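Since every read-out is calculated from the coordinates, none of them should be taken as a lab result. Since this is a predicted model, take the numbers as computed values, not measurements. Note that each Cβ is placed from the backbone with ideal geometry, even for glycine, and that neighbours are counted across all protein chains shown.
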Amino acid sequence: MPIQLRGDLIMKKKISSSTSSSSRFDPDFGTATQAIKAIKADVISSRELTKHVFRRIKKHNEKINAFVTLNEEQALKRARKADNSLTTGKIWGPLHGLPILIKDQFPTAGLRTTCGFPELAAYIPKENAVAVDRLLAAGAIIVGKTNTPIGASDIQTYNKIAGTTNNPWDVSKTSGGSTGGGAAALAAGLGFLELGADLAGSIRTPSNFCGVCGHKPSLHVVPLQGSIPPLPTLIPPSLNLAGLNDLAVAGPLARSAADLKLELEIIAGPAPEDASSCRWKLPKARKATLKDYKVGYVTDDPFCPVNPEIKTIMSNTALALRKEGVKVKEGWPEGMKPSEIFDVYFKLMAAFVSQSPAFTDNVINTLKMLFYMPYGVYYRNFVDGLTISHKDWSALALRRLASRLAWQEYFKTLDAFLMPANCVPAFAHNHDRNMWGRIIESSDSTRYYAETFKWISIATLAGLPV
């Protein structure tokens with residue numbers, strides 16, 4: 001994949017297959033897997049590679065603004081320890097000495113964590129999030145905390161603490177959100193792995209907009225314990241509500257699919273409180289060759305028309321799979337209605353985020369005043385979710401279960417499903433305070449902001465991996 005950083009940043013040609021050799025490791029855009037091999041083969045030391053990453057950050061980050069907090073001094077100290085350990089034959093783990101990134105949603109002991117909240121601008125956690133602990137135990141070096149919108153709650157990445165993160169391919173456009181800082185940094189060659197999270201496309205959209213790899217795992221595969229929100233100043237990390245989560249997931253971002261697998265195998269597994277009752281292991285591939293797979297797909301749907309450029313790419317992908325011998329089948333699972341799925345998802349998402357202290361009675365009453373605007377249906381559904389009764393929530397949960405069962409039946413005969421990550425490509429920055437009233441200018445039409453969540457809802461509601 002070519003990496004082209006516009007706005008007077010650098011340009012990088014496609015990395016050839018020969019770079020799989022550790023002796024030809026590319027420290028700018030090489031993969032995490034290649035970097036680890038190079039460190040272990042003494043082609044480059046962890047300290048040299050970490051210093052190289054910080055040099056690139058100092059050179060390029062000003063234009064993309066991917067970071068909230070850097071960890072240079074401690075990272076270089078840990079990298080030196082990694083090198084010293086390696087000389088004695090001791091390997092810390094599968095990520096020994098690898099410079100990685102952590103979304104600012106995940107607490108890091110001794111390193112500022114804000115999640116975009118102004119009230120957390122000086123917050124220094126005493127403990128790591130569970131997934132962060134697992135990455136450190138595997139030998140990783142934390143370069144810094146990557147930018148996220150306030151509360152990790154937007155499809156763009158901006159906040160009052162760190163400002164706006166730009167797309168490295170075109171700095172006039174968004175990098176996506178809410179893991180926009182991490183996706184932008186990976187695309188710009190400012191780290192090798194990112195720990196992200198996804199409730200409303202927060203891994204999928206930035207990965208899509210920035211041209212990197214991202215994986216939204218199945219629900220509860222990776223513990224969210226310790227993540228923000230809720231605010232740690234209101235709810236102690238030990239009482240974090242992640243265990244009650246029914247939509248959000250944590251997951252990896254990287255520059256290759258192999259790297260996603262590498263990180264997932266480290267961060268996945270039951271939460272500490274469940275560790276004695278269950279185990280997790282990534283299953284082997286179902287089939288031996290590509291042509292053995294059966295893949296379903298949709299390229300467009302009236303419930304949320306897809307930008308023509310995206311539709312063409314999706315159609316070409318399905319055609320390419322068919323030419324490789326893959327059996328492809330167009331259409332949704334039987335009986336599935338995407339518009340109804342979005343309605344259920346939007347209300348359950350609002351119910352999930354209602355724990356946020358931001359949604360006071362005054363805020364909710366203000367939202368109700370917008371019901372009769374052209375985009376008022378989105379506010380109405382959102383407020384319905386914020387104030388939902390347990391009886392109504394249970395009815396929505398049953399509809400969600402029906403969606404899961406439909407997919408379960410579908411995947412008895414097919415192995416995967418291909419669909420757009422979003423209805424639009426990366427768009428120009430738009431930070432209008434009236435979120436659901438924002439208008440996105442696409443090449444074919446104008447869209448309401450809430451439409452960007454429609455394709456996202458399909459997999460999230462059912463807890464499917466993407």
Would you report the distance distribution of C-alpha pairs in the chain as whole percents per 20 angstrom bin, up to the bin with the largest distance?
24, 59, 16, 0
For region 366-443, shape from the Cα gyration tensor axes a ≥ b ≥ c, cut at a/c of 1.5 then a/b versus b/c, turns out oblate
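What's the whole-number percent of alpha carbon pairs in region 89-231 lying beyond 22 angstrom? Write out the running numbers ahead of the final one.
Details: 3367 of 10153 pairs.
When all Cα pairs of region 89-231 are counted, 33 percent exceed 22 Å.
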Nearby aspartates and glutamates by direct alpha-carbon distance to Lys173 (threshold 20 angstrom, same-chain neighbours under 8 apart not counted)
Asp8, Glu62, Asp154, Glu309, Asp432, Glu441, Asp444, Glu451
List the trypsin sites (Lys or Arg not before Pro) in region 391-424 that DSSP assigns to loop (not H, G, I, E or B) and whose Cβ has at most 12 other Cβ atoms within 10 Å. Which are they?
Lys412
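Just rank Ile341, Ile39, Ile313, Ile102, fewest to most, by other beta-carbon atoms within 10 angstrom.
If I rank by nearby Cβ atoms, fewest first, I get Ile313, Ile341, Ile39, Ile102.
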How far apart, in nanometres, would the label points at Asp292 and Arg80 be if each is projected 7 angstrom from Cα along the Cα-to-Cβ direction?
5.1
Could you compute Rg(Cα) / (2.2 N^0.38 Å) for region 3-274, with N its residue count?
0.92
Set of lysines near Lys81 by C-alpha distance (under 28 Å), chain-local residues within fewer than 8 positions excluded
Lys37, Lys40, Lys51, Lys58, Lys59, Lys90, Lys103, Lys126, Lys145, Lys261
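Hey, got a sec? Which trypsin sites (Lys or Arg not before Pro) in region 134-219 land in a DSSP loop and have at most 14 other Cβ atoms within 10 Å? Display every interim value, and only then the final one.
Details: sites: Arg134, Lys145, Lys160, Lys173, Arg204; in loops: Lys160.
Listed in order of number, the matching sites are Lys160.
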